[in-house]
């Protein structure tokens with residue numbers, strides 16, 4: 001029987017993973033398929049795994065990267081440290097679709113870290129603002145910690161180690177010269193939306209990184225580029241994490 005891999009999330013309007021793996025399987029003559037499992041509640045992961053006895057691995061996307069943890073049997077050290085999972089490896093007992101072991105990993109971390117590191121200028125880029133506080137942001141802030149970059153979240157609600165958008169003054173924007181959109185704002189089809197930061201305060205010393213990869217240039221990045229900032233989307237991050245997921249599933 002053909003090995004199956006897939007993606008869980010909601011909604012799944014556009015899937016990088018499905019396109020990437022379908023093309024990979026065809027190009028490399030791998031006898032496997034990749035399916036999208038759009039589930040409205042994370043509890044449905046049990047049904048997905050049980051109903052697909054050849055399912056060997058899953059990617060996890062919004063909004064389940066944190067919620068899925070309570071349904072797993074084991075976490076890799078980095079997933080446990082970060083507190084979010086975007087890859088699951090499924091090991092099964094032969095001939096028993098209900099006896100399986102689910103281990104969670106986080107490949108967003110290496111994907112983000114490897115893709116942003118070459119753009120960082122240590123004498124300029126010392127502090128970062130992270131827009132959004134969901135599962136993807138947890139991998140981002142762990143990478144920033146490991147790169148020696150101070151950071152603060154920006155959110156619509158106040159909290160510890162957070163700014164709210166209304167607090168972003170020219171001084172704050174000047175001090176925090178890396179700005180990372182770890183929220184889904186600006187994702188297709190909502191291409192006319194962008195995080196509510198004060199874009200006129202951006203300069204050529206800023207680095208704007210958007211985890212969104214569809215469209216390739218979000219309004220967030222367009223506005224940053226208009227003020228001379230260095231910009232990068234999340235496509236390379238997704239590519240690295242997909243390659244890491246395949247390594248996990250097949251070793």
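The values are calculated or read from the model by the stated rules, or taken from the named source; none is laboratory data. As the structure is a prediction and not an experimental result, all values here were calculated from the model. Heads up, the Cβs are rebuilt from the backbone with ideal geometry, glycines too, and the neighbour counts pull from every protein chain shown.
Table for the structure above
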read-out: Candidate set: segment 225-238, residues that are assigned to a helix (DSSP H, G or I) and in contact with a helix residue (DSSP H, G or I) (Cβ under 7 Å, 6 or more places away or on another chain); chosen: the one farthest from residue 207 (Cα to Cα); value: 238
read-out: Answer residue from segment 175-192, given it is within 24 Å of residue 203 (Cβ to Cβ) and touching a helix residue (DSSP H, G or I) at 6+ places or on another chain (Cβ under 7 Å) and is surrounded by the most Cβ atoms within 10 Å (Cβ to Cβ) among those; value: 181
read-out: Identity of the residue in segment 85-99, at pLDDT 95 or above and in contact with a helix residue (DSSP H, G or I) (Cβ under 9 Å, 6 or more places away or on another chain), that ends up surrounded by the most Cβ atoms within 10 Å (Cβ to Cβ); value: 85
read-out: Top-ranked residue of segment 12-45 - restricted to ones that are in contact with a strand residue (DSSP E or B) (Cβ under 6 Å, 6 or more places away or on another chain) and assigned to a loop (DSSP other than H, G, I, E, B), ranked as surrounded by the most Cβ atoms within 10 Å (Cβ to Cβ); value: 15
read-out: Number of the condition not met by residue 67 [criteria: (1) in contact with a strand residue (DSSP E or B) (Cβ under 7 Å, 6 or more places away or on another chain); (2) within 25 Å of residue 140 (Cβ to Cβ)]; value: (1)
read-out: Within segment 76-195, strands (runs of 3 or more DSSP E) holding 3 or more residues that are under 24 Å from residue 37 (Cβ atoms) and touching a strand residue (DSSP E or B) at 6+ places or on another chain (Cβ under 8 Å); value: 87-92, 100-105
read-out: Any hit, segment 115-122, residues being surrounded by fewer than 16 Cβ atoms within 10 Å (Cβ to Cβ) and within 23 Å of residue 185 (Cβ to Cβ); value: yes
read-out: Verdict on residue 74 being within 19 Å of residue 242 (Cα to Cα), at pLDDT 95 or above and surrounded by fewer than 16 Cβ atoms within 10 Å (Cβ to Cβ); value: no
